[in-house]
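Each remark here refers to the structure printed beneath this line.
The values are calculated or read from the model by the stated rules, or taken from the named source; none is laboratory data. All values reported here derive from a predicted model rather than from experimental measurement. Here Cβ is always computed from backbone atoms with ideal geometry, including for glycine, and neighbour counts include all displayed protein chains. Note: areas computed on protein heavy atoms with side chains; ligands, DNA, RNA excluded. Shrake-Rupley method; radii C 1.70, N 1.55, O 1.52, S 1.80 Å.
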Protein chains: 4
Amino acid sequence: MTTISLDSLNASDEAQFVAALGDIYEHAPWVARAAYPRRPFATLAALSEAMMATVRAAPIEQRLALIKGHPDLAGKAARAGAMTAHSQAEQASAGLDRMTDAEFDEFHRRNDAYRKKFGFPFIICVRRHGKDSILQQFERRLRNDVAAETDAALTEIFRIVALRLDQRVEARDKLPVHGRLSTHVLDTHSGAPAPGVLIELLELSASGERRALVSMITNRDGRTDQPLIGGCPLPIGRYQLRFHVGDYFARLGTPRADPPFLDVVPVEFAIAEPEAHYHVPLLVTPWSYVTYRGS
Amino acid sequence: MTTISLDSLNASDEAQFVAALGDIYEHAPWVARAAYPRRPFATLAALSEAMMATVRAAPIEQRLALIKGHPDLAGKAARAGAMTAHSQAEQASAGLDRMTDAEFDEFHRRNDAYRKKFGFPFIICVRRHGKDSILQQFERRLRNDVAAETDAALTEIFRIVALRLDQRVEARDKLPVHGRLSTHVLDTHSGAPAPGVLIELLELSASGERRALVSMITNRDGRTDQPLIGGCPLPIGRYQLRFHVGDYFARLGTPRADPPFLDVVPVEFAIAEPEAHYHVPLLVTPWSYVTYRGS
Amino acid sequence: MTTISLDSLNASDEAQFVAALGDIYEHAPWVARAAYPRRPFATLAALSEAMMATVRAAPIEQRLALIKGHPDLAGKAARAGAMTAHSQAEQASAGLDRMTDAEFDEFHRRNDAYRKKFGFPFIICVRRHGKDSILQQFERRLRNDVAAETDAALTEIFRIVALRLDQRVEARDKLPVHGRLSTHVLDTHSGAPAPGVLIELLELSASGERRALVSMITNRDGRTDQPLIGGCPLPIGRYQLRFHVGDYFARLGTPRADPPFLDVVPVEFAIAEPEAHYHVPLLVTPWSYVTYRGS
Amino acid sequence: MTTISLDSLNASDEAQFVAALGDIYEHAPWVARAAYPRRPFATLAALSEAMMATVRAAPIEQRLALIKGHPDLAGKAARAGAMTAHSQAEQASAGLDRMTDAEFDEFHRRNDAYRKKFGFPFIICVRRHGKDSILQQFERRLRNDVAAETDAALTEIFRIVALRLDQRVEARDKLPVHGRLSTHVLDTHSGAPAPGVLIELLELSASGERRALVSMITNRDGRTDQPLIGGCPLPIGRYQLRFHVGDYFARLGTPRADPPFLDVVPVEFAIAEPEAHYHVPLLVTPWSYVTYRGS
């Protein structure tokens, strides 16, 4: 994906501006066009806000048209290729392509009910959700009345757009669209950070599926060189960290039982805030551990 | 199984004594007969010790015959019904009937190698082991020389016998053949024991199998009314406790994230000492927990 | 102090009954006399309840006379010897004889204000309070109106009486008048209880005083043979436990820094419920510890 | 104190170089003079190493003269003003001016014994030690033979010099002469950092003295804006952190006992490595806490 600097956007004429940002709102170049006269934008946040203000100020028919311009989540459109390239990439990331048959059926039942009740497609910023969370959002939002749901759909569109702007436009400021999941391992048996500990991160789902996301080794500070998840929203869902402390203590020659009382330590937790920092450390001896949501 | 009191044994004539205890050592009523003159036994421990002393003092040929009198673990004998009823019940308890095909093949390879090297069957007190642990013991003991392995086999026979005596003879003292696995849940968010928490205990195996053993609900003291495992040796192996704290905090109305950061807390640990007390508690808030091998 | 069994009381004639229990309510043998006809008492709790019911049912003048019959806390009466022997022993136990000059002055100011406002002496079950707590109770109860304070005074009299009955009468049941403070030390470095750890208990006071109450050594279970406080109410107040873990780890030869990171671990906490069980354990390595109100 | 850049030193002539660094080694400008020809120094570490190499290569008589040129710690020289300004400031920082009479007497006994045994003054980098630690070093080093103690004295001189170079010379690199003591407070009751918590740091001494060093308030990340100690060596000794969590939970309105179970949480620990990072956090609920040497 090509990027453009905020400075270049500020120096653009209208045609260039709309060429660069016209597809940021799905099938709605009018949003970019309406934002154009408000240049220059001191920050990316100001550009984002100007576009949102444009949408909020538009007549209800235009807002509904914007909503209706979005693809049906995993529906016929997904297969017919009518989605923008953006939407395709985003929908893949939510595990929509990993649904079980039962989930797929349930998904379609809710999708049809949603269409029937509201007359527009279910829009959700899929990068902020795991598979279970999307199904749950479906259920909750089906209970809304039309006015509340129209607002909910716009909120999701704004989230989708903020992620697109974050990837498209280079600026000195960053939109607060990324979360971070990090950890560290402290060996409270020897009173020092634990280096060389293998840590696996799995995504769990209600159907019992366990999907390996990443595995890392702690460095000499007992931390990972990179966050376990970073540079994107943290998908709402349940996760398991697996800390291979048995191998670590074996390498140190720490006296232990045979088999060792602790070997791989699983820590299961949920992420509820995609844009937050979750720090989930482990303080561990061969016989005990502490874990918590830290900072 | 009928039981007999130590007092009755002490008052028996030799025929009665051998009738009561002749099968305690597998196909070896001579052990009971040799112990008979050493009555009266002040304690069950004294009776047990007298029988072990008899075996230790026997000529090597007699000790080897005792060893050879034991059934081949899970071998042809198991199917032909040549095992004593005791041995059948004991072998079932170690998960030998739940082996995967690969494990079954591996088991037989080791069993054949063992027979070939030592000329007698592999004897192990199966109630002290899980499936993985038995396979591992096989591997370790195959490395012994004949003298060391003869001792190892007798040690296992003494363990089998101690469990049989514990079940057969009523006395004021107890042989130290039982372990205990217990837990408790302390809610450090509200500073009180956590009642009503569902706790599941699973047995894990190297092949990935997870077998549910028991589930219990904590009482008003945050403990279970019965130990999770008690009144028997704790089989060496890996286990998982699953503490359903999410439901507990939901019932209390404790403020939490959605989905809650902690829901079911898994704690994985190994038991290495079948006759020990393992206390594995959980101190928990909606955001943190501590677990350890306690007492 | 001589004790009497509940059975003997049930078999007594009125004169014997009143001789035995007439002084349980301070200068008010009428309470025992009125309870007498309600024999036999199945439990000590029933006897206690019968006496309380008698007081509650008495005319307000008689209840006020009961209140006024109590000595002035630490006042002239204390020195003139007009207090019953009970009252003297009880008042000593609250640290009233260890007040600083400033506390003594403050105490008398509040005592005078109380007398002036309510017309009767300040009554409090001193064995349930430390020095700071008594001063605080004074302050709080001074804000009561006369009716509420009359009730508060009777509640305290009932508490005093329950303690006297607990000491005077032997029965199968026990009145719930005792609390318990206990601890244990778990060495999570070696995964076992920590024996031989010196534990000191200090009472702290707002004036900065630190008074040693007891010191004990942990046994092989990492517990103390006796509770740190037991067989009496736990005086409301602040306490410090001092766990001498440095010496413990030094004896074990555990590798540590020089000087060791942890030596004596102080744990400060308050007791708020005199009749409760406070368990305040320490889970400790040379580099970390956990403490909590347990059960 | 005026500073000079490493670049300026590299561009200096010999007279300028010795004028700038001649007093870095106490009364020994020959060290700077001998290092001068080895310019240019790429780093401050290289300059420091060049000066140390000069000393190590000097004849034993010259090394002894260097040692003897140092003031007698707290001896007559201290009062007569014969110390360099450096030495005076450094000695004040170790609490040598806060010794009790008994400590002062003990100090002088050891000082005299040292002089008598070795024939040169006791040299120690006082900024790396608290009062108790200096007395203990005295005792340990008195047991050395002359050769070992000559090496020990030079090691201390090198530490003193490294601190002087760190303050005198500006360079891109830093000598590893500083430690850091930091903390943070995590509220595991609400799953978030604890802002606004008052933290006091006290220095403890064997004589029972408690000296307030600093107090800070946690920021919104539950950390202090500055380290508790930083930019200098951490004096070896015992310390107490006092976390005022009672006030914090009171402000939040967290349900607690009256008086609250936890109010001010004291954490006592020793610093053994002056140049290390000590992170001593508190994870706390109203009923429990965890602390540890972290990273």
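Considering only DSSP beta bridges whose two residues both sit in the protein assembly as shown, what percent are antiparallel, to the nearest 5?
80
Give the average, rounded to an integer, of partner chain Cβ atoms located within 10 angstrom of each Cβ in C:180-191.
Partner-chain Cβ atoms within 10 Å, mean over residues of C:180-191: 5.
Compare A:Arg293, A:Arg63 by solvent-accessible area with a 1.4 Å probe and give them largest first, with all protein chains kept in place.
If we order A:Arg293, A:Arg63 from most to least accessible, we get A:Arg63, A:Arg293.
Dividing the alpha-carbon Rg of chain A by 2.2 N^0.38 Å yields what?
Output field value: 1.19.
In debye, nearest 20: dipole of the protein assembly as shown around its Cα centre with unit charges on the Cβ of K, R (+) and D, E (-)?
Using Cβ point charges on Lys, Arg, Asp and Glu, the protein assembly as shown gives about 0 debye.
If you roll a 1.4 Å probe over the heavy atoms of the protein chains, what accessible area per residue do you get for the range C:181-247, in Å²?
38
Determine the shielding of peptide A:270-277 by partner chains: average, over its residues, the number of Cβ atoms on other chains within 10 angstrom of each Cβ.
Shielding by partners across A:270-277 averages 3.
Given charges of +1 on the Cβ of Lys and Arg and -1 on the Cβ of Asp and Glu, with all other atoms neutral, how large is the dipole of the range A:184-295 about its Cα centre, in debye to the nearest 20?
Roughly 100 debye for the range A:184-295.
Compute the distance from the alpha-carbon center of the range A:162-180 to that of the range B:113-129, in whole Å.
The range A:162-180 and the range B:113-129 have Cα centres spaced 65 Å from each other.
Within 10 Å of each Cβ in A:252-264, how many Cβ atoms from other chains are there, averaged over the peptide?
So the per-residue partner count for this stretch is 5.
For q = 0.12, 0.13, 0.14 Å⁻¹, what log10 I(q)/I(0) does the range A:106-227 give under the Debye formula with an equal point scatterer on each alpha carbon and no solvent?
Rounded to two decimals, the profile gives -0.69, -0.77, -0.83.
In nm to one decimal, list the spacings between the C:Ser215 label point and its equivalents in the other copies, with label points set 7 Å along Cα to Cβ, shortest first.
3.1, 5.1, 5.3
How large is the translational diffusion coefficient of the range A:169-246 in µm² per second when you combine the Kirkwood radius over alpha carbon pairs with Stokes-Einstein at 25 °C and 0.890 mPa s?
Once the numbers are plugged in, D ends up at 173 µm²/s.
Give the accessible area for A:His178 in Å² (nearest 10); use a 1.4 Å probe, count only protein heavy atoms, and leave out ligands, DNA and RNA.
Ignoring ligands and nucleic acids, A:His178 comes out at about 60 Å².
Of A:Thr254, A:Asn219, A:Ala113, which is farthest on the positive side of the dipole of the range A:112-256, counting Cα position, with +1 on Lys and Arg Cβ, -1 on Asp and Glu Cβ, and the Cα centre as origin?
Positive-end residue among those listed: A:Ala113.
List, shortest first and in nm to one decimal, how far the label point of C:Ala11 (7 Å from Cα along Cα→Cβ) is from its counterparts in the other copies.
3.8, 11.1, 11.1
So which of B:Lys68/B:Lys117; A:Lys68/A:Lys116; D:Lys68/D:Lys174; B:Lys68/B:Lys116; C:Lys68/C:Lys116; C:Lys68/C:Lys117 end up more than 19 Å apart by C-alpha?
D:Lys68/D:Lys174
Among C:229-240, D:13-24, B:95-106, what's the highest-first ranking by average C-beta atoms within 10 angstrom per residue?
Packing order, densest peptide first, comes out as C:229-240, D:13-24, B:95-106.
For D:Leu66, what accessible surface area do you get with a 1.4 Å probe? Give it in Å², rounded to 10.
10
Roughly how large is the D-C contact in terms of buried accessible area, totalled over both chains, probe 1.4 Å, nearest 100 Å²?
It comes to approximately 2300 Å² buried between D and C.
Which value in deg cm²/dmol, rounded to the nearest 500, describes the helix-derived mean residue ellipticity at 222 nm for chain B, given -39,500 (n - 2.57) per DSSP H run of n ≥ 4 and division by the residue count?
Value at 222 nm, helices only: -12000 deg cm²/dmol.
Taking one equal scatterer on every alpha-carbon of the protein assembly as shown, how large is log10 of I(q)/I(0) by Debye at q = 0.04, 0.05, 0.08, 0.10 1/Å?
Evaluating at q = 0.04, 0.05, 0.08, 0.10 Å⁻¹ gives log10 I(q)/I(0) of -0.35, -0.55, -1.18, -1.31.
Rounding to the nearest 20 debye, state how big the charge dipole of chain C is about its Cα centre with +1 on each Lys and Arg Cβ and -1 on each Asp and Glu Cβ.
The calculation lands at about 360 debye.
Which value, in Å², gives the accessible area per residue of the range C:1-55 when a 1.4 Å probe is used on the protein heavy atoms?
45
Taking a probe of 1.4 angstrom, what is the accessible area of A:Asp173 in Å², to the nearest 10?
Roll a 1.4 Å probe over it and A:Asp173 shows about 40 Å².
Projected onto the charge dipole of chain C (+1 at Lys/Arg Cβ, -1 at Asp/Glu Cβ, origin at the Cα centre), which of C:Ala206, C:Trp30, C:Val280 gives the Cα projection farthest towards the positive end?
With unit charges placed on the Cβ atoms, the residue in question is C:Trp30.
How far is D:Leu198 from the same spot in each other copy, in nm, shortest first, if each label point sits 7 Å from Cα toward Cβ?
Relative to the other copies, D:Leu198 has label-point distances of 3.3, 4.7, 5.1 nm.
According to a simple spin-label model (label point 7 Å from Cα along Cα-to-Cβ), what is the distance in nm between B:Asp101 and C:Lys68?
Result for the modelled spin labels: 9.8 nm.
Tell me which DSSP H helices of chain D clear both cut-offs, 15 Å or more of axial length from alpha-carbon atoms and a mean Kyte-Doolittle hydropathy of at least 0.0.
Span-like helices in chain D: D:44-57, D:146-168.
Compute the separation of the alpha-carbon centres of the range D:218-241 and the range A:223-239 and state it in Å as a whole number.
If we compute the Cα centre of each part, the gap is 30 Å.
Report ³J(HN,Hα) in whole Hz for each residue of the range D:119-129, in order, from the Karplus equation J = 6.51 cos²θ - 1.76 cosθ + 1.60 where θ = phi - 60°; Gly and Pro get x.
My calculation for the range D:119-129 gives x, 9, x, 6, 10, 8, 6, 4, 5, 8, 9 Hz in order.
In whole Hz and in residue order, list the ³J(HN,Hα) couplings for the range B:278-295 that follow from phi through the Karplus curve 6.51 cos²θ - 1.76 cosθ + 1.60, θ = phi - 60°; x for Gly and Pro.
Per residue, the Karplus-derived 3J(HN,Hα) values read 9, 10, 10, x, 10, 9, 9, 10, x, 10, 6, 7, 10, 9, 6, 7, x, 9 Hz.
Roughly how many whole Å is it from the C-alpha centroid of the range C:4-74 to that of the range D:199-213?
55
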